[in-house]
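To start, the structure itself, in structure tokens.
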Amino acid sequence: MRALVETELARSPTGGKTFPKANRIGDKNRLIQRHAALFRRRQNWMDVWKEIRNYELPYDGQFDDDQPDKPNLHDDNIYSNIPNICRAIFAAGIQSGLTPPSRKWFRYTLADMTLNDNMTVKRVLDQRCDITEYVLARSNFYNAVHTVYTELPYGQAPMGIFSTGTGITFVPYPIGTYALGTNAQGQVNTFARKVKMTASQIVGQFGIENCPRFVQDTYRSNNGYTEYFTVCWLVEQNDKSNPEELGSKKMPYRSVYWVDGSDSNEVLAATGFEEWAIPVARYDVKGLNSYGTGPGWDALPDSRMLQKMEYDSAMATELGIKPPMQGPSDLAHRINLFPGGFTPNTDANNAIRPLFQGQLDIGTLDQKIVRVEDRIKRTYSTDLFMMLDQLERGQMTAQEVMARNQEKLQQLGPVVERLQSEFLNAVLDRVYNILDRNGIFPPVPDDVQGLMNGQEIKIEYLSPLAQAQKMSGLTAIEQGIAFVGQTAQLDPRVVNRVDFSDAVAKYLDRIGVPATMVRSEEEYQQIIEQQQKAEEAAKQQAMEAQQAQQAAPLAQAAKNLTDAANDGNPALREWMGMET
């Protein structure tokens, strides 16, 4: 296994790591132009992201008009928190449906299907899967991936994966701070980011010797903790990569940091990655677009309407209770509009009566609000995820969920497939390779090494959502076995139509039963042979016992004849051929 040679930026740009002194590169101007072009191309998308923020998720993101270290409050148009509540259910549902921390949600298999029946190979892969699960559980993966799912309503959410001295760290990046680029196949292969950092943070992360002179001067002054600089980061495919040479600059992906406004060719760090280190979760993508669309896009018209109607409802309530007043000018400063207040008047009858009657009838508006809220909830699939929560708690089987939500699951199916193929595959590939390069996995037994050499390891998902997608195949097996069982009551010969051993093996494999629980085909055949031999031995013993039982009366009869002949019966002795 190859030793780890990548020098990665640990954690986030506010973490701490010392880099080797390599703060000049020859093509910085090209990187700056590429970085700027990516941010220009995202401008049209940014307008919609801000609309989603302003009408649905007011506290999200870090945009150019936000100030660092200050709360981003964009709730001037927010009068209902329903979209934010739906987003919370959506993120929790995606996490419990795709990457639940409480259960096994993936396993390793080989691309060669013939080797997947080898139980020894399965056990080796299961052991590596258990180690990967342990590393994920001990890291911040589940917290970070939940943050990724909360960002999915915008259409996409990236997450960096970095190797540290003590493990693996996952870093989600908020909307507004990054820009993306794709290759000819529509796969994200370029990541750009801008983040505001203090001089102290930059020095702590990259080392003072790698910082530009003006950052060093600020750090040494009293403004090191208060003055901010923009740090730019670009990750792209390395056109100068060379797998035969060691060093981060020869890796398949280059990673370069610099301070905005620094001198030509001056950078904070130039490192690299062995594989794509910033997987991007995308909800739905059209063509070769770098960015996706999500529930926040679909719910935006209804969210605008909801906020307007909630405002109108509050206004109608206030107008019903405190309507605009008119009256004599000499009473203008003496009218008391507070509840229980008293305003004297010049009524000749000296009657005491309310100043006005509050009229409040907004039932029709409230009904319309409920319908709009329901549309937003359906857009975020909250009803489906609440049912999947029941599945996770064991209150409902996957078959019941599928029967009740077949249409919704089919609608969510492409999203699940995209998140698995584009995002989770890249996450698990990256984690597996880091562990493999660092020698974390135990050595493969010699008898398995030859089988696994050169084999591609694939990922199979066992999460509730993935299982719900597979239920059609399992349902066919269950229905087929049940039908044969019922028909066998009429004609027992039909059971010969089914290979029950193969049906059980396929069923256990599809539901993801651990390999240690299932016997290999060789072990299974050995047990069958032992059972057959035991049955044959039992039959032989039964036959011998029966023959012995039948022979006992004959022996007794012969003995009786002999005894009678010996007692002096000459005719009997002669008939039996005994000497007289």
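Read-outs: derived from the displayed coordinates by stated rules, not from any lab. Quick caveat, the model's predicted, so the values are computed rather than measured. Because the Cβ atoms are built from the backbone with ideal geometry, glycine has one as well, and the counts that use them run over all protein chains shown.
With a sphere of radius 14 Å drawn around the Cβ of SER221, what net charge do the other residues whose Cβ falls strictly inside it have (Lys, Arg +1; Asp, Glu -1)?
For residues surrounding SER221, the net value is 0.
Take the Cβ-Cβ distance between THR164 and GLU51 as r, set R0 to 41 Å, and report the resulting FRET efficiency rounded to the nearest 0.05. In this case the efficiency is close to 0.60. The ranking of THR114, THR147, THR271 from fewest to most other beta carbons within 10 Å of each one's beta carbon is THR114, THR147, THR271. Backbone amide hydrogens, once placed in the peptide plane, bring THR190 within less than 5 Å of GLY181, excluding anything fewer than 5 places away on its chain.
Please give the length that would be gained between ILE335 and ARG375 if that part of the chain were fully extended, namely 0.36 nm times their separation in residues minus their C-alpha to C-alpha distance (nm, one decimal). Here the segment from ILE335 to ARG375 would lengthen by 9.9 nm.
The modelled label-to-label distance for the pair ASP117/ASP446, using points 7 Å beyond Cα in the direction of Cβ, is 2.7 nm. For the range 162-169, backbone phi angles converted through the Karplus equation (6.51, -1.76, 1.60; θ = phi - 60°) give residue-by-residue couplings of 10, 8, 10, x, 10, x, 10, 10 Hz, Gly and Pro being listed as x. For THR109, nonlocal amide neighbours, meaning residues 5 or more places apart or on other chains whose placed amide H falls under 5 Å from its own, are LYS458, ILE459, GLU460.
Can you tell me the order of 484-491, 155-162, 177-184 when each peptide is scored by its average per-residue count of other Cβ atoms within 10 angstrom, highest first?
155-162, 177-184, 484-491
Remark: the VAL494-ASN77 segment gains 143.3 nm on full extension, using 0.36 nm per residue and subtracting the alpha carbon distance. Protection proxy ranking, highest mean first, for peptides 126-137, 309-320, 444-455: 126-137, 309-320, 444-455, where packing is the per-residue count of other beta-carbon atoms within 10 Å, averaged. Here the range 210-236 is scanned for amide nitrogen atoms under 18 Å from the site 7 Å beyond the Cα of ALA37 along Cα-to-Cβ, giving 233-236.
If R0 is taken as 56 Å, the Cβ-Cβ distance between ALA534 and SER102 corresponds to a FRET efficiency of 0.85.
How much length, in nm to one decimal, is gained on full extension between LYS368 and THR487, taken as 0.36 nm per residue of separation minus their Cα-Cα distance?
Stretched out fully, the LYS368 to THR487 stretch lengthens by 37.4 nm.
Spin-label pair ILE477-TYR142: with each label point 7 Å from Cα along the Cα-Cβ axis, the two points sit 2.8 nm from one another. Near the amide H of ASP284, within less than 5 Å, lie the amide hydrogens of THR293, all on another chain or at least 5 residues away, with H placed in the peptide plane. Summing Lys, Arg as +1 and Asp, Glu as -1, what charge do residues with Cβ under 14 Å from the Cβ of MET309 carry, MET309 excluded? So the environment of MET309 carries a net charge of -1. Packing around the peptides 53-60, 425-432, taken as the average count of other Cβ atoms within 10 Å per residue, puts them in this order, highest first: 53-60, 425-432.
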